[in-house]
Structures are given as structure tokens and as C-alpha cells.
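Chemist: Structure below; questions to follow.
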Amino acid sequence: MYLDDYFFKCHKSHIVNIKAVRAFENEGYVVIGDEYRVPITKTYKQAFLELFS
């Protein structure tokens, strides 16, 4: 779910800055920087992948 040009809601408890995303782990996590892994729900996963394709 896009909140604006820079933020994406990936979980009911998490919003990520799109510019800070380093990777997506297929287990269902977005990697932010070098040390943070934020879960992404199945509901938002497809929209997130389309954002980066």
C-alpha cells in the first residue's frame, strides 16, 4: 500500500521508506540498511514486488 512517493505500508505495524530498502528476502522480509529486517505480509507482497520491477 503506497502512502506517498516515499513510504510503503508492508505490514499492519510497519511502514518503510522505499529509498532505504536494500533487498527483499523471499521468506517475507524487506531489508532496510545493513541490519534491519521488516516483515511483509502476503497482502502487500505483490504490490511491493511490482514497485521494484
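The values are calculated or read from the model by the stated rules, or taken from the named source; none is laboratory data. Note that the coordinates shown come from a computational prediction; the quantities given were computed from them, not determined experimentally. Cβ atoms come from the backbone with ideal geometry, glycine included; neighbour counts cover every protein chain shown. Accessible surface areas use protein heavy atoms only, side chains included; no ligands, DNA or RNA. Shrake-Rupley method; radii C 1.70, N 1.55, O 1.52, S 1.80 Å.
Chemist: Per residue, how much accessible area does the chain show when a 1.4 Å probe rolls over the protein heavy atoms, in square angstrom? Intermediate values should be presented prior to the final figure.
Modeler: Details: 3960 Å² over 53 residues.
On a per-residue basis, the chain sits at 75 Å².
Chemist: Tell me, what is a quarter of the convex hull surface for the C-alpha atoms of the chain, in nm² with one decimal? Please report the intermediate quantities before stating the final value.
Modeler: Values: hull surface 13.3 nm².
For the chain, averaging the hull's shadow over all directions gives 3.3 nm².
Chemist: Whenever you get a sec, compute what percent of the accessible area on the chain sits on carbon and sulfur atoms (1.4 Å probe). Write down the numbers at each step before the final one.
Modeler: Working: 1960 of 3960 Å².
For the chain, the apolar C and S fraction of the accessible surface comes to 50 percent.
Chemist: Kindly write out, for the range 45-50 in residue order, the coupling ³J(HN,Hα) from the Karplus curve 6.51 cos²θ - 1.76 cosθ + 1.60 (θ = phi - 60°), rounded to whole Hz, with x marking Gly and Pro.
Modeler: 4, 4, 5, 5, 5, 5
Chemist: Relative to the Cα centre, what is the charge dipole magnitude of the chain, using +1 at the beta carbon of each Lys and Arg, -1 at the beta carbon of each Asp and Glu, and rounding to the nearest 20 debye? Write down the numbers at each step before the final one.
Modeler: Numbers: 7 positive and 7 negative charges, 37 e Å.
Here the chain has a charge dipole of around 180 debye.
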